[in-house]
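The values are calculated or read from the model by the stated rules, or taken from the named source; none is laboratory data. Quick caveat: nothing in here was measured; it's all calculated off a predicted structure. Positions of Cβ are generated from backbone atoms using ideal geometry, with glycine treated the same way; all protein chains shown enter the neighbour counts.
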Amino acid sequence: MITCILSDFSRVLLFPKDSSYVGSLNKLNRELSTEPGYKLLDHFYLNEEMLNYLHALKEKIDLCIFTSETIQESPELIPHITPIFRKVYSALQFSTTKKFPEAYKLILEDLGKPPGEVLFIDDSQTHIQIALTIGMQAILYQSNEQLFSELEKRL
């Protein structure tokens, strides 16, 4: 039984407005933030449909974020995140990356949950494989429609 969804942030909940951009959203944010008058939401957009879907699950299941760095700490994003997610984890806070199972194990320990009760959502097949190797459930994010269909089967 799934008791927690642990979602990636970049390219699951936040996307660049420039759809041709393929690099790190944290890197792009750092580069753009040096411009005078920079506003994050002028260059990025939130996946509102996904946020609304998760918000509807909030009373039934724990919702958390596991991301690589810190873009989610931007003041413009906080009001969209805090009402939905119980906790936000960053691989950076663990001094590691999402490529190492230890980061996932630290989150499970903090949540006090066995791996099989946590469903991890990410847009990286590599990260999905790591979560699966430690016993977590996982879904590779490709689109909202695909994800919602998968979630309906599992929740």
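Numerical summary
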item	result
Among (1) closer than 27 Å to Gly23 by Cβ; (2) touching a strand residue (DSSP E or B) at 6+ places or on another chain (Cβ under 6 Å) - the single one Asn144 does not satisfy	(2)
Residue list for segment 74-98, filter: farther than 18 Å from Asp110 by Cβ and either among the aliphatic types (A, V, I, L, M) or at pLDDT below 95 (or both)	Leu77, Ile78, Ile84
Residue that is of a type in the set (A, V, I, L, M, F, W, C) and assigned to a loop (DSSP other than H, G, I, E, B), where the choices are Phe120, Phe85	Phe85
Selected residue (only one of Ser149, Ser74, Ser143 is among the hydroxyl-bearing types (Ser, Thr, Tyr) and within 18 Å of Lys27 (Cα to Cα))	Ser74
Close pairs from segment 79-93: first over 23 Å from Glu48 (Cβ atoms), partner in a helix (DSSP H, G or I), Cβ under 7 Å, at least 6 apart	Ala91/Ala103
Search result, residues across segment 40-81 that are of a type in the set (Val, Ile, Thr), over 13 Å from the mean Cα position of the chain (by Cα) and not in a helix (DSSP H, G or I)	Ile61
Hits in segment 1-36 (condition: of a type in the set (Asp, Glu) and either exposed (fewer than 15 other Cβ atoms within 10 Å of the Cβ) or free of Cβ contacts under 8 Å to residues at least 40 places away in the same chain (or both))	Asp18, Glu31, Glu35
Lys39 vs. criteria surrounded by fewer than 15 Cβ atoms within 10 Å (Cβ to Cβ), farther than 22 Å from Ala131 by Cα, at pLDDT 95 or above and of a type in the set (Lys, Arg)	yes
Residue satisfying condition, being in a loop (DSSP other than H, G, I, E, B) and in contact (Cβ under 8 Å) with a residue 24 or more places away in the chain, within set Lys105, Lys113	Lys113
